[in-house]
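Colleague: Next up is a structure, given as structure tokens.
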Amino acid sequence: MVRCWKMLSPGLDSSVYSDLCELAELERPSERRPCKNPACGPQWEVAEWEECLAKCGERTTVSREVRCSEDEKLCDPSTRPADTKNCTGPPCDRQWTVSDWGPVSNLKNI
């Protein structure tokens, strides 16, 4: 927002009508300017990865959707995130797992 300000005294100023600045032939600053921050312009948007459905010991790939927030041609192809990756299923070993022993019980068989 651009406003015309008048200094009433050092440290005290007030917004005034724009015509006072125009009468003083002051150049009005632009209210908009091109955005140079990469976060403002077209950027890659990614969805969550698919669930890895590989069975034990198998490897497969999962994918996700990747798209440009604007026209695809406006996003930099060199910064495009991957849309596929490898995934590995759980280990096939089946074995017992044990926890630490609990406290000794004082109950006797009746």
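Colleague: Could you run the Debye sum over the Cα atoms of the range 40-110, one equal point scatterer each and no solvent, and tell me log10 of I(q)/I(0) at q = 0.15, 0.21 Å⁻¹, two decimals?
Modeller: -0.70, -0.93
Colleague: Once you list every other residue whose beta carbon is under 10 Å from the beta carbon of Ser18, what net charge do they have if Lys and Arg are +1 and Asp and Glu are -1?
Modeller: 0
FYI, it's all coordinate maths here, none of it is from the lab. Keep in mind it's a predicted model, so treat the numbers as computed, not measured. Using ideal geometry, Cβ is built from the backbone for each residue, glycine included, and neighbour counts are taken over all protein chains shown.
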